[in-house]
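Visitor: Got a structure for you, written out below as structure tokens; questions coming shortly.
The values are calculated or read from the model by the stated rules, or taken from the named source; none is laboratory data. These figures come from a predicted structure and were not determined experimentally. Methodologically, a virtual Cβ is constructed for each residue, glycine included, from the backbone with ideal geometry; neighbour enumeration extends over all protein chains shown. Heavy atoms of the whole protein, side chains included, go into the accessibility calculation; ligands, DNA and RNA do not. Shrake-Rupley method; radii C 1.70, N 1.55, O 1.52, S 1.80 Å.
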Amino acid sequence: MTRLRAEGLTLGYDDRTVVNNLDVTVLDGKVTAIVGANACGKSTLLRGLARLLSPRGGAVYLDGRRLAELSTLEVAKVLGLLPQTPVAPDGITVADLVSRGRYPHQGWFRRWSDTDDDAVARALDATGTADLVNRPLRQLSGGQRQRVWVAMALAQDTDLLLLDEPTTYLDINHQVELLRLLRKLNAGSGKTIVIVMHDLNLACRFCDHVVAMADGSIVAEGAPADVVTAELIEKVFGLACVVVPDPIAGTPIIVPA
């Protein structure tokens, strides 16, 4: 049984429908990229899959149960999320923020433990933020803050991880480092990862599955080599291009014409 899926999913804001009647299946144990032009519904779809946005129609299912019927704690133990514009309390330090990723694992009879310390330490080390633990978040650069937010999501240690444009504010080196980290997590633990991305070349290089959206609908999905074509890029982005093989990985590279 697929762990996360949606049937007939319709999402929107106020009187505007953004995602309309979508059927979506997140491939277990794979890294999936959701791509498309600005305002096509990528982030809205991710918000719906993460229960940040209530469906206007259809439903999202997690482990066969309607997501809307599960408690917040039940969801947080299985599904981690990094939203596009996360908000932190004023004055919070890096250590405090990343530690908040462990809150779903706490409870009346479950206090902070060595397991929590280890999870936080692994997340800080993986994102290269261990040397920032005592710094207030507001004093960090945009790229540093983004890596700290990713560390918090990793500290949650969930089987499913949804990330909305996690490479925002990162230079190319840190973008590649982060995507390599996500691939390593996927390969090492079978973690299912969904990423909203703008960089198509990086999506093709690091993701197993691509979901291409336009005007709130899915226009193509599959392995990058199977679906990323010049015709698709022109249809989705209005960009004339040539698609050639990556000289290292063999994955598609989009070259504007």
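Visitor: Since THR44 meets every condition but one in (1) closer than 14 Å to MET213 by Cβ; (2) open to solvent by 20 Å² or more (accessible area, probe 1.4 Å); (3) under 20 Å from the mean Cα position of the chain (by Cα); (4) of a type in the set (S, T, N, Q), which condition does it not meet?
Guide: (2)
Visitor: Given ARG102, ARG65, ARG5, which one is open to solvent by 80 Å² or more (accessible area, probe 1.4 Å) and charged (D, E, K, R)?
Guide: ARG65
Visitor: Let me ask something else. Would you pick out the residues in the stretch 157-169 that are more than 18 Å from ALA187 (Cα to Cα) and not in a strand (DSSP E or B)?
Guide: GLU165, PRO166, THR167, THR168, TYR169 - these are the residues of the stretch 157-169 that are more than 18 Å from ALA187 (Cα to Cα) and not in a strand (DSSP E or B).
Visitor: Return the only residue of ALA59, ALA39, ALA88, ALA130 being surrounded by fewer than 19 Cβ atoms within 10 Å (Cβ to Cβ), farther than 21 Å from GLU177 by Cα, of a type in the set (Gly, Ala, Ser) and modelled with pLDDT of 95 or more.
Guide: When all the criteria are applied, what remains is ALA59.
Visitor: Related question: What helices (runs of 4 or more DSSP H), lying completely within the stretch 170-245, carry at least 2 residues that are in contact (Cβ under 8 Å) with a residue 12 or more places away in the chain, touching a Phe, Trp or Tyr at 6+ places or on another chain (Cβ under 7 Å) and farther than 21 Å from ALA257 by Cβ?
Guide: Here the list reads 172-189.
Visitor: Okay, moving on. Of all the residues that make up the stretch 133-160, how many are out of contact with any strand residue (DSSP E or B) (no Cβ under 7 Å at 6 or more places or on another chain) and either within 18 Å of ASP171 (Cα to Cα) or surrounded by fewer than 16 Cβ atoms within 10 Å (Cβ to Cβ) (or both)?
Guide: 12
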